[in-house]
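The values are calculated or read from the model by the stated rules, or taken from the named source; none is laboratory data. These numbers were taken from a predicted model, which means no experiment stands behind them. Backbone-built Cβ (ideal geometry, glycine too); neighbour counts: all protein chains shown. The protein model used for the area step is the full one, side chains on, heavy atoms only, and it has no ligands, DNA or RNA in it. Shrake-Rupley method; radii C 1.70, N 1.55, O 1.52, S 1.80 Å.
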Amino acid sequence: MITFACLLSDRFQLFISLADKNSLSLFLTLELSKNLFLIWAFCISCVASYLSLFLSAKHSACKKSQALTDLYLFFRGILENNGSWGISHTRVPTESRPGHVALIAGFYEDVSAVAKGWKENPVEFDSVFNESKYTWSWGSPDILPMFAKGKTICSCALLFLAEWKLENLKRLDVNQADIAPLMASLIGVPFPLNSVGTLPLEYLNNSAHFKAESMFTNAVQVLEQFKVSLCKTLINLALEGLSYYHTYDRLFLGLSIAMGFVGWTTYVILVIVKTHTNLTKTVQSTLLYGFTFVGMMITFFLLIQTSPWTYYIYCLLPVPVWYAVMRELHVIQNLTANLRSLPISQSLGFILISILGIEILVFSFFYRATLTVGLLVFAGWPVITQLWVQAKTTTLIWTVLCALLAVFPLMPVVGREPNIPLVITAGLLTLLISGFSLASSCKSENKYRNNEDMKVHFYQMLSIALSTYVVSNTHNSLKNKQGLPVFNQIISWTTLVSSSVLPLLSPTFLFQRLFSILLSLMATYLLLSTGYEALFPLVLSGLMFVWIHMEQEALQHYGLSLKPKLAVFNFAYATDITQFRQLHLDDIRRSFFFVFFIVTAFFGTGNIASVNSFDPASVYCFLTVFSPFMMGGLLVLKVVIPFVLVSCAFEAVQVTTQLSSKSLFLIVLVISDIMALVSCCCTFSSNKVKQRALISHYVLVMLLTIFMMLMNGLAQLLTTKRLDLSRRTKHHAT
């Protein structure tokens, strides 16, 4: 069997299939209008040896020629005596006017083929050409490639006259998809697998038995397609049924958890309001009986359903929480009345900003680049609040550091491509900054520094220099297959141990203690770095120092307190403050900044995946022999160091703004709970990989509150305590 195709005009193809060398069949179509095509079929024997298919666009013939006139007369003579003709009805959309896929494959083109520019059908399909042994085709280069897989394609150009007079001949119309099974029947090849056409018997000049066999084959071919479609439908229905069964209680449990979160968050807000206002509460004794009855009904319902014990926790926990909330109903009513007195524009603006801030925090768990957006917004905060008017230099530094920190979430996660020169650069920058700080302190003859303090500062600078050297030397040694030098390993572990002690030997004055914490932690962080992340704590700490100054400017801007002298502010005496100021709306913004910086500290250089599968090269300065627990502990330390820097800075903000740590922590707790609630609503996904990632993010948000409590305690220890090795105690008033 051989198939032959030829282009007789710009959009006119001729296809010929050869079954043997004893007979001939020709098949010709000509477009009459947009959806109508003229077709000819010639059958000389029961099963033809040759099949010719001509396709022509309506306006392809521009002029008459004697050759086309002779061809017309030849074909008309055959139609009048031996052949049949009719109109083929097509469907839109089609890539080509005649609809080649429908004619040759027997099914109509997929609309999504437009996404590929119609150059290739999006679905693999069978055609009459695939069932023939040989195919020759000439035609338009944007049509033939659809049928050219495994075939040889040639091209030529001829003219064809479209105005043929066929009014006196009998007309037999067909659908366009019917032409493919007709061609297959004419040359005795199997019908195309994807064909949806019906064999037009009127075009066959064969025996009744041949027609019956052909129609039966056509019916079986269509029936098999129906079976496949039916099986797919049954599979989809079964999968939907399984999904429904597995998630039957999802809505019920989700609502229970959401009710618990909303109730707990509301209760925390009421505690904050009661602490800083004169609103009173009214205890209603009847509430206890009502909530007891609700709890009994929930228990009875769960018993009937024979639910597992975890369902009782999910469903009963909101009951006591909401009982505690409803006991403060009078406070809620007074608070609502006060909120109604505020301008609507101000209230709506606050709500929109709060929603936007929470969404940025939640999305940052999924897309690190979201942190970049938040940091750029932070950069414009002084301009929006007019703080830049009173502190132009501080605002400029704040903006620059926010922009620099915003670059890190756009970088690839750590461990992908080690870059030791960047680690060395971070170490040298730290040395430069610490040297400048020391020179500035000596120049000003700071009376709060003594020789012991200077020794601590020198030792920390030495640790930074040694860490930078160890990182470079260890990398070169391992690169040359010489292993980890023992000296480097001793220096690394010594630096790690001393980093937790040296800050406690420094003065407790605000910036001196914070800078001492930075130098100690930076020495350890350099040893655990392999690339650009070594610069991250340096930029983050710089932004934290400026944040402390900006908060002082904000206090003065809103007239909440006088601007204190931060240079002589002492952490050791901060706990002596007995009079804390009342909460202000701007304190919610301070708490949000803290939560955002905590999230930035974690996701600024990595994500969940980078924590689960880290590069062991980051611990090569400490050990090269695989030890999962030791390596895991060092990795956790590397992750914790940016958290400590942010927590210490927030401790400074808290004591310098004269705000109760309990109040700020409760605000942070509210923000974290709202984040957890939003994350809980996002944890439903049918994709298992996405489901695991969503659950990891949800658990991380849930642990964030506990983790911040631990960081707050550690920050208080690092900022307020001091080890006096000389056993001499000196006190300086703030």
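Quick look at the numbers
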| quantity | calculated |
| --- | --- |
| Built amide H within the under 5 Å cut-off of residue 54, gap 5+ | 15, 27, 28, 29 |
| Residue 424 accessible area, 1.4 Å probe, all protein chains in place, Å² to nearest 10 | 50 |
| 27 Å Cα-Cα threshold exceeded, pairs from 455/481; 455/721; 638/721 | 455/481 |
| J(HN,Hα) series, segment 328-336, from Karplus relation 6.51 cos²θ - 1.76 cosθ + 1.60, nearest Hz, glycine and proline x | 9, 4, 5, 5, 4, 5, 5, 5, 4 |
| Gain upon complete extension [residue 209, residue 294; 0.36 nm per residue less C-alpha separation] | 22.7 nm |
| Ordering of 590-603, 391-404 by burial proxy (mean other Cβ atoms within 10 Å per residue, highest first) | 590-603, 391-404 |
| Pairwise FRET efficiency - residue 573 versus residue 717, Cβ, R0 = 22 Å, nearest 0.05 | 0.85 |
| Length released on extending from residue 224 to residue 236, taking residue separation times 0.36 nm less the Cα-Cα span | 2.5 nm |
| Relative contact order computed over segment 261-384 (Cα-Cα under 8 Å; 6+ residues apart), in percent | 30 |
| Stretch gain in nm, segment residue 74-residue 307, where the contour uses 0.36 nm per residue and the Cα spacing is subtracted | 75.5 nm |
| Estimated vicinal HN-Hα couplings, Hz - segment 337-349 in sequence order (Karplus 6.51, -1.76, 1.60; Gly, Pro = x) | 5, 5, 5, 5, 6, 6, x, 4, 4, 5, 5, 5, x |
| Relative contact order (%) - criterion: Cα under 8 Å, at least six apart; region: segment 308-455 | 15 |
| For residue 193, distant residues with modelled amide H under 5 Å away | 126, 127 |
| Theoretical FRET efficiency, 1/(1+(r/R0)^6), r = Cβ-Cβ of residue 661 and residue 623, R0 35 Å, to 0.05 | 0.35 |
| Loop-located chymotrypsin sites (Phe, Trp or Tyr not before Pro) in segment 478-566 whose Cβ has at most 13 other Cβ within 10 Å (DSSP) | 558 |
| Sites residue 326 and residue 277 - FRET efficiency at Förster radius 22 Å, r taken between beta-carbons, to 0.05 | 0.70 |
| Protection proxy ranking, peptides 172-179, 247-254, average beta carbon neighbours within 10 Å, highest first | 172-179, 247-254 |
| Neighbourhood net charge (13 Å Cβ-Cβ; Lys/Arg +1, Asp/Glu -1) for residue 597 | 0 |
| Built amide H within the under 5 Å cut-off of residue 84, gap 5+ | 41 |
| Value of D in µm² per second that Stokes-Einstein yields for segment 239-390, Kirkwood Rh from Cα pairs, at 37 °C (0.692 mPa s) | 168 |
| Estimated distance in nm for a label pair at residue 428 and residue 366, the labels positioned 7 Å out from Cα along Cα-to-Cβ | 4.3 |
| In Hz, Karplus ³J(HN,Hα) per residue of segment 172-181 (6.51, -1.76, 1.60; θ = phi - 60°; x = Gly, Pro) | 10, 7, 9, 7, 4, 5, 6, 6, 4, x |
